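The values are calculated or read from the model by the stated rules, or taken from the named source; none is laboratory data. Computed from a predicted model, the values in this text were never measured in an experiment. All Cβ positions, glycine included, derive from the backbone under ideal geometry; neighbour counts span all protein chains shown. All accessible areas refer to the heavy atoms of the entire protein, side chains included, with ligands and DNA or RNA removed. Shrake-Rupley method; radii C 1.70, N 1.55, O 1.52, S 1.80 Å.
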Amino acid sequence: MVTTSYSANIYPLSNYSFGSKEPKMEKDTSVADRLARMKVNYMKEGMRTSVEAILLVQEHNHPHILLLQIGNTFCKLPGGRLKPGENEIEGLKRKLTSKLGANNPGVVPDWQIGECVAVWWRPNFETTMYPYCPPHITKPKECKKLFLVHLSEREYFAVPKNLKLLAVPLFELYDNVQRYGPVISTIPQQLSRFHFNMVTQ
């Protein structure tokens with residue numbers, strides 16, 4: 001028996017409309033810059049807590065994940081760093097609206113934040129993250145949580161002009177660490193416990 005808490009309705013990509021808005025510049029130009037900034041923030045605020053969204057659509061009855069592409073190669077999930085003490089759900093809604101919401105508050109998507117499907121840890125100021133915190137690490141530098149976001153049947157997304165929003169099929173992500181990195185490439189496994197209802201027109 002499939003429990004309702006582990007099912008998700010997925011609507012066709014063609015149900016959604018996309019526009020653009022002013023660019024959202026990255027704070028860092030390189031990985032080294034990013035890690036250096038993380039170090040400075042860690043000294044001020046302690047461990048970085050970030051939240052990211054898994055937004056699902058379907059094409060040809062196969063689930064696709066919406067990823068933001070920066071430049072020609074780098075892809076990431078929409079989301080970002082929480083403010084100190086900020087609630088995870090509210091913080092993720094804020095980040096999603098900042099990344100993909102229109103400037104008009106009347107057409108901002110109704111973000112339905114669902115289940116937390118994965119937790120990743122960054123033990124040190126390095127690029128590597130793990131799906132567990134190594135036992136000898138008492139002060140991890142970052143904790144990242146991935147949430148499934150249940151999209152409504154129709155939404156309008158406003159994409160910053162310097163980013164592309166791609167719908168990438170699960171089979172393209174699966175086991176593709178070289179292209180997508182360890183976090184995104186393992187999303188298909190994390191979603192394997194869900195039952196997807198492919199809602200057609």
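Just a few scattered comments:
- Output for the range 142-188, where each listed residue is open to solvent by 30 Å² or more (accessible area, probe 1.4 Å) and assigned to a loop (DSSP other than H, G, I, E, B): Ser152, Glu153, Arg154, Lys161, Asn162, Tyr174, Asp175, Asn176, Thr186
- Residues that are modelled with pLDDT of 90 or more and crowded, with 21+ Cβ neighbours inside 10 Å are absent from the range 68-76.
Residue by residue, here is whether (1) under 16 Å from Glu126 (Cβ atoms); (2) open to solvent by 70 Å² or more (accessible area, probe 1.4 Å); (3) touching a Gly at 6+ places or on another chain (Cβ under 8 Å) holds:
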residue: Pro12; (1), (2), (3): no, no, no
residue: Ser17; (1), (2), (3): no, no, no
residue: Val31; (1), (2), (3): yes, yes, no
residue: Arg34; (1), (2), (3): yes, yes, no
residue: Met38; (1), (2), (3): yes, no, no
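- Pair list, Cβ under 7 Å, 6 or more apart: the range 111-128 residue closer than 13 Å to Arg48 by Cα and free of Cβ contacts under 8 Å to residues at least 24 places away in the same chain, other residue in a strand (DSSP E or B) and open to solvent by 20 Å² or more (accessible area, probe 1.4 Å): Trp121/Tyr130; Pro123/Tyr130
- Some residue of the range 52-66 being open to solvent by less than 70 Å² (accessible area, probe 1.4 Å), in contact (Cβ under 8 Å) with a residue 60 or more places away in the chain, touching a strand residue (DSSP E or B) at 6+ places or on another chain (Cβ under 6 Å) and among the acidic types (Asp, Glu): yes
- Gly85 being closer than 18 Å to Pro160 by Cα and either open to solvent by less than 10 Å² (accessible area, probe 1.4 Å) or not β-branched (Val, Ile, Thr) (or both): no
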